[in-house]
Amino acid sequence: MSGPLLLLTMISGVYLLAVLEEWSATGRLSLSTPVVRGLAQLSRESLVPRKPDRLLFELAPALLLLAALLAAAVLPLAPGLMAVDLATGALFVNAALAYVMVALVMAGWAPDAAYALIGGWRFLGQLIAYSMLIVMPLTAVAMRAQSLSTTDIAASQAVLWNVLTQPLGFVLFWLAAMALAFVPPFDLPVALGELAGGVFAEYTGVRLAILRLARLVLVLTLALAIVVFFLGGWLGALLPGWAWTGVKTLAVAALMLAAGRYVPRLSPDALLEWAWKLGIPLALVNIVWVGITLLAVSK
Amino acid sequence: MIAAPGQTVALVVFGASALGFGVAVFRTKSMVRSALALLGSMSAVGGLFLALETEFLGVLQLMMMATEMTIMAIFMVMFMMDPGGLGQMDMTHQKRAAVTAGVVGGLIAVALSALPSWAAVVVAAPAPSVQLHDLGIELMSRSMLIFETAGLAILVAMIVATTIALAEKQP
């Protein structure tokens with residue numbers, strides 16, 4: 001399918017998400033806000049800290065955007081409607097998203113500033129908490145589809161969506177995806193009011209605009225991943241496939257953003273403790289459960 | 001096997017960037033830059049795998065190295081006295097021995113690539129999904145003992161490390 005169309009879909013998705021983010025933060029629902037905010041952001045001065053690691057400082061926002069876009073490239077909007085169809089798609093999503101952490105550590109280290117540094121290294125700790133909870137539910141999803149291809153995984157849910165066959169994996173993946181996208185209550189690397197913006201604190205003007213855009217793309221990509229892996233992808237009645245994917249993805253993204261309004265931020269140690277003492281054992285239970293159901297069904 | 005022109009270009013580009021980043025690892029005094037340059041080199045090797053039509057290995061390489069190299073970076077920052085490289089501290093030692101070891105190691109690697117008679121090159125690489133399937137069968141049959149042993153060893157190391165890190169109980 002043509003690249004420009006996919007790009008246009010991504011841009012409009014991000015725009016709608018920006019509207020939703022504004023709503024989740026302030027309670028105001030306005031279609032023009034992202035344009036106004038974006039223009040204001042771009043017209044601001046782009047300051048550079050006094051003694052930065054200039055190379056990493058400039059690279060980090062671009063890498064964050066690239067990682068989120070690469071992960072989105074292998075996720076289908078409808079059968080055949082995707083940038084690249086890889087046989088290892090589900091693994092590739094994970095590989096691309098690993099560079100989100102690299103970008104944030106870079107952005108934290110580069111400005112030579114305390115809050116940014118703490119934010120960056122914090123996200124490395126956050127990765128230790130969420131990464132297994134991304135991979136293990138994905139394993140169970142791939143088990144059912146008997147394939148790592150994202151198209152096969154979505155198609156494998158024709159009879160029953162994965163959210164119903166493996167609800168435990170769905171919840172764990174959803175929470176881990178929120179932690180990966182560092183949306184509240186998992187916004188430890190930016191932590192407004194505590195780290196004064198953390199990794200984003202030293203960025204201004206165009207660079208901050210790119211970082212914010214990248215974060216929105218990341219949220220959208222992860223919402224799309226949840227839809228493809230657990231909510232049947234393009235499957236649905238009446239509407240065409242791509243429309244179902246769009247509706248589901250925006251709904252998931254809105255819920256991801258809305259949750260932060262009602263839940264207080266977790267502390268890093270609590271996040272790690274919950275992830276390792278409860279999350280990973282539950283993810284193992286999920287894999288065993290899916291294995292048993294698959295064996296029972298195939299008999 | 002005759003490579004497509006694009007494939008040859010990708011091989012040269014990824015190979016050259018793997019070497020370039022490899023040199024950059026030793027040309028900087030900043031621990032974080034050094035670790036990230038190593039990540040660049042390792043990612044380029046991942047790109048090489050992709051260019052050689054081994055999709056799973058390429059994607060796995062890209063995924064594993066991102067986390068490993070960044071975790072290495074934080075340990076380097078914790079243990080080194082001048083992690084930012086701003087103090088211009090000289091951190092090299094035993095230069096002659098290191099150069100000798102490097103040259104000898106390099107020569108051995110070149111010899112290993114040239115000396116043995118490698119088996120015939122496959123005409124066409126199997127489809128990525130077939131490669132995945134074959135790899136799964138291999139891991140669950142012939143290579144199972146090797147991987148299980150390695151997994152057990154790593155698990156033991158993790159338990160031991162955690163035990164050592166726990167606070168001392170005695171007064």
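The values are calculated or read from the model by the stated rules, or taken from the named source; none is laboratory data. Since this is a predicted model, take the numbers as computed values, not measurements. So basically every Cβ, Gly included, is an ideal-geometry build from the backbone, and we count neighbours across all protein chains shown.
In the range A:181-197, the condition of being in contact (Cβ under 8 Å) with a residue 60 or more places away in the chain, within 14 Å of chain B (Cβ to nearest Cβ) and within 14 Å of the chain's Cα centre (by Cα) is met by no residue.
Just one residue in the set A:S147, A:S131 is of a type outside the set (A, V, I, L, M, F, W, C), within 19 Å of the chain's Cα centre (by Cα) and either at the interface with chain B (Cβ under 10 Å from one of its Cβ atoms) or over 23 Å from A:G236 (Cα atoms) (or both); that residue is A:S131. The set of residues in the range B:61-70 that are within 7 Å of chain A (Cβ to nearest Cβ) and surrounded by fewer than 20 Cβ atoms within 10 Å (Cβ to Cβ) contains only B:T67. Against the numbered list (1) touching a helix residue (DSSP H, G or I) at 6+ places or on another chain (Cβ under 7 Å); (2) more than 14 Å from every other protein chain (Cβ to nearest Cβ), A:A25 comes up short only at (1). Per this entry, A:A223 is counted among residues that are surrounded by 15 or more Cβ atoms within 10 Å (Cβ to Cβ), at negative phi and not aromatic (F, W, Y). Candidates in the range B:27-41 are the residues that are facing chain A (nearest Cβ under 10 Å) and not in a helix (DSSP H, G or I); of these, the one that is farthest from A:F57 (Cα to Cα) is B:T28. Of the residues making up the range A:273-299, those that are more than 20 Å from A:L168 (Cβ to Cβ) and of a type in the set (A, V, I, L, M) number 0. Within the range A:65-76, residues that are farther than 12 Å from A:F92 by Cα reach partners that are small (G, A, S) with beta carbons closer than 7 Å, at six or more positions or on different chains, in the pairs A:L65/A:A214; A:P76/A:A154; A:P76/A:G233.
Condition check ((1) among the β-branched types (V, I, T); (2) farther than 28 Å from A:L91 by Cβ; (3) touching a Leu at 6+ places or on another chain (Cβ under 6 Å)) across all residues:
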position: B:V13; (1), (2), (3): yes, no, no
position: B:V23; (1), (2), (3): yes, yes, no
position: B:E53; (1), (2), (3): no, no, no
position: B:G87; (1), (2), (3): no, yes, no
position: B:V99; (1), (2), (3): yes, yes, no
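Tell me, please, whether a residue that is closer than 26 Å to A:V102 by Cα, outside any loop (DSSP other than H, G, I, E, B), aromatic (F, W, Y) and at pLDDT below 95 can be found in the range A:175-183. For the range A:175-183, residues closer than 26 Å to A:V102 by Cα, outside any loop (DSSP other than H, G, I, E, B), aromatic (F, W, Y) and at pLDDT below 95: absent. Here is a check on your reading of the model: is B:F49 facing chain A (nearest Cβ under 8 Å) and farther than 17 Å from B:V23 by Cβ? In short, no. The single residue among A:V252, A:V247, A:V219, A:V227 that is in contact with a Lys or Arg (Cβ under 6 Å, 6 or more places away or on another chain) and either within 28 Å of A:L148 (Cα to Cα) or of a type in the set (V, I, T) (or both) turns out to be A:V227. The single residue among A:V159, A:V141, A:V135, A:V163 that is modelled with pLDDT under 90 and of a type in the set (V, I, T) turns out to be A:V159. The set of residues in the range A:94-119 being more than 9 Å from chain B (Cβ to nearest Cβ), over 28 Å from A:G169 (Cα atoms) and in a helix (DSSP H, G or I) consists of A:A107, A:G108, A:A114, A:Y115, A:A116, A:L117, A:I118, A:G119.
For the subset of the range B:109-135 comprising residues that are farther than 26 Å from B:A4 by Cα and more than 22 Å from the chain's Cα centre (by Cα), which member is nearest to the other protein chains (Cβ to nearest Cβ)? Applying the filter and picking the extreme gives B:P116.
Residue by residue, here is whether (1) touching a strand residue (DSSP E or B) at 6+ places or on another chain (Cβ under 8 Å); (2) under 30 Å from B:F49 (Cβ atoms); (3) modelled with pLDDT of 85 or more; (4) surrounded by fewer than 20 Cβ atoms within 10 Å (Cβ to Cβ) holds:
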site: A:S2; (1), (2), (3), (4): no, yes, no, yes
site: A:P49; (1), (2), (3), (4): no, no, no, yes
site: A:D53; (1), (2), (3), (4): no, yes, no, no
site: A:A71; (1), (2), (3), (4): no, yes, yes, no
site: A:A87; (1), (2), (3), (4): no, yes, yes, no
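For the range B:18-26, the condition holds for at least one residue, the condition being that it is within 11 Å of chain A (Cβ to nearest Cβ), free of Cβ contacts under 8 Å to residues at least 60 places away in the same chain and over 14 Å from the mean Cα position of the chain (by Cα).
Every residue, every condition in (1) modelled with pLDDT under 85; (2) aromatic (F, W, Y); (3) more than 23 Å from A:L250 (Cβ to Cβ), yes or no:
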{"site": "A:A18", "(1), (2), (3)": "no, no, no"}
{"site": "A:R28", "(1), (2), (3)": "yes, no, no"}
{"site": "A:L31", "(1), (2), (3)": "yes, no, no"}
{"site": "A:A62", "(1), (2), (3)": "no, no, yes"}
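Filtering the range A:159-177 for residues that are under 18 Å from the mean Cα position of the chain (by Cα), touching a residue at least 40 places away in the same chain (Cβ under 8 Å), under 25 Å from A:A73 (Cα atoms) and within 11 Å of chain B (Cβ to nearest Cβ) leaves an empty set. Among the residues of the range A:76-93, those that are more than 18 Å from the chain's Cα centre (by Cα), more than 9 Å from chain B (Cβ to nearest Cβ) and not small (G, A, S) comprise A:P79, A:L81, A:V84, A:D85.
What pairs come out if I take residues in the range B:73-99 that are within 12 Å of chain A (Cβ to nearest Cβ) and pair them with residues that are among the small types (G, A, S) whose C-beta lies under 7 Å away, six or more apart or interchain? Listed by first residue and then by second, the contacts come to B:A73/B:A35; B:M76/B:A35; B:G84/B:S30; B:G85/B:S30.
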